[in-house]
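J.: Here it is, the structure in full.
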Amino acid sequence: MEFYYGNVVLLTGASSGIGKLTAEYLAELGCKVYGTSRKGENGTIVFPNDSSTNSKQATLKGFVKMVQLDVCNDLSVKDAVDYVIQQESRIDVLINNAGFGISGAIEETSEKEAFSQFDTNFFGMHRMCRKVLPIMRKQRKGLIINIGSVAGTFSIPYQSMYSASKSAMKSFTEALRMEVREFGIRAVVIEPGDTQTGFTDNRYYSQESESTSYPKGKASIEKMIKDERNGDRPIGVAKTIGKLLNAKNPPSRVTIGMVYKVFTQLKRVLPSRLVEFILGKMYG
Ligand SMILES: NC(=O)c1ccc[n+]([C@@H]2O[C@H](COP(=O)([O-])OP(=O)(O)OC[C@H]3O[C@@H](n4cnc5c(N)ncnc54)[C@H](OP(=O)(O)O)[C@@H]3O)[C@@H](O)[C@H]2O)c1
């Protein structure tokens, strides 16, 4: 496969879910993927592994190597990016995927909890971009893919901090695109909907489950959990990213899944109170 931007990929949050599957998928295509986790040692090869070497992977040039990274820590971000540069002397694609979700009523979410949501999902992405952009600028080429969420377009009750962090990611990416275009760098937000990953079990609850102030919150969060457990498999996101690696002029946003694509289009034309009514019925 041809890679317009090159095949050296740095992908945050590759130990689980969307990131893990995407890392393996891109390695199968022939990418050198440096996938990150807060745990583990730099350079550990996780793909190809014993179960994949018998098959077509035997002929692959691609791999997934782990890199230790906490996106909330400046020094950790520097060390991870430096490690990839030591190994490859370049970074062609940065995929900001590391993230988690906080659920609970706004009134019952502390400032510390709200900040921790933004620290990973938004400032983590900013830290990564600040470290990688000078490298891409020198290369005069690069692609940044930010993993947002449909919640960044449709704010979900009792998921306010998560929705806001993904909405902020979208605004950030739109501005970034215009700033870096002249350097041959492109940026995209991918918006998956409910996806079966570790996300559901890793969710943080700022609201007491038996909250008397917001009794509807519990039912709403339970509905969200059910939707995620019955959601899409992450392969759709991985395949979309695979296509973007060869897109000279990618769009600013790619929504995953036909239902979510239709919802996104409808939001543009429907009155906002109707959209609110529908979301309220679903999650309120
Ligand atoms: N699942 C869904 O329904 C869904 C829908 C839309 C968007 N998304 C987005 O997709 C992305 C991936 O989530 P997922 O669904 O695949 O969840 P997941 O299975 O829980 O994976 C999350 C990944 O993020 C990493 N991570 C979390 N905090 C980190 C930090 N501070 N520094 C570095 N890495 C960190 C974790 O790595 P370690 O714990 O090993 O460090 C893990 O690899 C997230 O941005 C999420 O918001 C998910």
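J.: Restricting attention to region 77-104, which residues are more than 30 Å from Gly193 (Cβ to Cβ), among the hydroxyl-bearing types (Ser, Thr, Tyr) and within 16 Å of the ligand (Cβ to nearest atom)? Walk me through how you get there before you give the answer.
T.: Residues of region 77-104 that are more than 30 Å from Gly193 (Cβ to Cβ), as a first pass: 78-79, 81-90.
From what's left, among the hydroxyl-bearing types (Ser, Thr, Tyr): 83, 89.
Hit for region 77-104 is Tyr83, nothing else.
J.: Looking at the structure I just gave you, is Gly40 within 16 Å of the ligand (Cβ to nearest atom), closer than 23 Å to Lys78 by Cβ and modelled with pLDDT of 95 or more?
T.: On the way: within 16 Å of the ligand (Cβ to nearest atom): yes; closer than 23 Å to Lys78 by Cβ: yes; modelled with pLDDT of 95 or more: no.
So Gly40 fails the test.
J.: Which residue pairs have Cβ atoms closer than 6 Å, lie 6 or more positions apart in sequence or on different chains, and pair a first residue in region 1-23 that is open to solvent by 10 Å² or more (accessible area, probe 1.4 Å) with a second residue that is among the β-branched types (Val, Ile, Thr) and modelled with pLDDT of 95 or more?
T.: What qualifies is Gly17/Thr197; Ile18/Thr197; Ile18/Val237.
Rundown of residues vs (1) aromatic (Phe, Trp, Tyr); (2) on the phi < 0 side of the Ramachandran plot, yes/no style:
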| site | (1), (2) |
| --- | --- |
| Gly104 | no, no |
| Phe115 | yes, yes |
| Ile147 | no, yes |
| Ser167 | no, yes |
| Lys170 | no, yes |
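J.: Related question: State whether the residues of region 207-214 include one that is aromatic (Phe, Trp, Tyr) and within 16 Å of the ligand (Cβ to nearest atom).
T.: Keep residues of region 207-214 that are aromatic (Phe, Trp, Tyr), which gives 214.
Next, only the ones that are within 16 Å of the ligand (Cβ to nearest atom) stay: none.
No: region 207-214 contains no residue that is aromatic (Phe, Trp, Tyr) and within 16 Å of the ligand (Cβ to nearest atom).
J.: Do the conditions hold for Asp79, that is, is it open to solvent by 70 Å² or more (accessible area, probe 1.4 Å), free of Cβ contacts under 8 Å to residues at least 12 places away in the same chain and more than 30 Å from Tyr158 (Cβ to Cβ)? Don't jump to the end; show me each part of the working.
T.: Values: open to solvent by 70 Å² or more (accessible area, probe 1.4 Å): yes; free of Cβ contacts under 8 Å to residues at least 12 places away in the same chain: yes; more than 30 Å from Tyr158 (Cβ to Cβ): yes.
So Asp79 passes the test.
J.: Within region 144-163, can you find the residues that are among the hydrophobic types (A, V, I, L, M, F, W, C) and closer than 15 Å to Met224 by Cβ? Walk me through how you get there before you give the answer.
T.: The first filter runs over region 144-163 and keeps only residues among the hydrophobic types (A, V, I, L, M, F, W, C), leaving 144-145, 147, 150-151, 154, 156, 161.
Across region 144-163, the qualifying residues are Val150, Ala151, Phe154, Ile156, Met161.
J.: Consider Lys61 against the criteria (1) outside any helix (DSSP H, G or I); (2) at pLDDT below 95; (3) over 28 Å from Arg140 (Cα atoms): it satisfies all of them except one. Which criterion is unmet?
T.: Among (1) outside any helix (DSSP H, G or I); (2) at pLDDT below 95; (3) over 28 Å from Arg140 (Cα atoms), Lys61 violates only (3).
J.: I'm trying to understand the selection: among the residues of region 119-133, which are open to solvent by less than 50 Å² (accessible area, probe 1.4 Å) and free of Cβ contacts under 8 Å to residues at least 60 places away in the same chain?
T.: At the first step, the residues of region 119-133 found to be open to solvent by less than 50 Å² (accessible area, probe 1.4 Å) are 119-122, 124-125, 127-129, 132-133.
Within region 119-133, Asp119, Thr120, Asn121, Phe122, Met125, Arg127, Cys129, Leu133 qualify.
J.: Let me ask something additional. With the condition kept exactly as written, say whether any residue in region 247-258 is open to solvent by less than 90 Å² (accessible area, probe 1.4 Å), modelled with pLDDT under 95, touching a strand residue (DSSP E or B) at 6+ places or on another chain (Cβ under 7 Å) and not in a loop (DSSP other than H, G, I, E, B).
T.: Within region 247-258, the subset open to solvent by less than 90 Å² (accessible area, probe 1.4 Å) is 247, 250-257.
Right, trim to modelled with pLDDT under 95 and you get 257.
Filter once more, so that each one left must be touching a strand residue (DSSP E or B) at 6+ places or on another chain (Cβ under 7 Å): 257.
If we keep only those that are not in a loop (DSSP other than H, G, I, E, B) as well, we get none.
Looking through region 247-258, none of the residues is open to solvent by less than 90 Å² (accessible area, probe 1.4 Å), modelled with pLDDT under 95, touching a strand residue (DSSP E or B) at 6+ places or on another chain (Cβ under 7 Å) and not in a loop (DSSP other than H, G, I, E, B).
J.: Filter region 189-206 down to the residues that are without any contact (Cβ under 8 Å) to a residue 60 or more places away in the chain and buried (at least 18 other Cβ atoms within 10 Å of the Cβ), then identify the one that is nearest to the ligand (Cβ to nearest atom).
T.: Ranking the qualifying residues of region 189-206, first place goes to Asp194.
J.: Please pick out the residue among Arg140, Arg186 that is buried (at least 23 other Cβ atoms within 10 Å of the Cβ), among the charged types (D, E, K, R) and over 22 Å from Ala114 (Cα atoms).
T.: Values: Arg140 fails: buried (at least 23 other Cβ atoms within 10 Å of the Cβ).
The match here is Arg186.
The values are calculated or read from the model by the stated rules, or taken from the named source; none is laboratory data. From a predicted model like this one, the values you see are computed outputs, not experimental measurements. Virtual Cβ from ideal backbone geometry, glycine too; neighbours counted across all protein chains shown. Areas reflect the complete protein model, heavy atoms only, side chains present, ligands, DNA and RNA absent. Shrake-Rupley method; radii C 1.70, N 1.55, O 1.52, S 1.80 Å.
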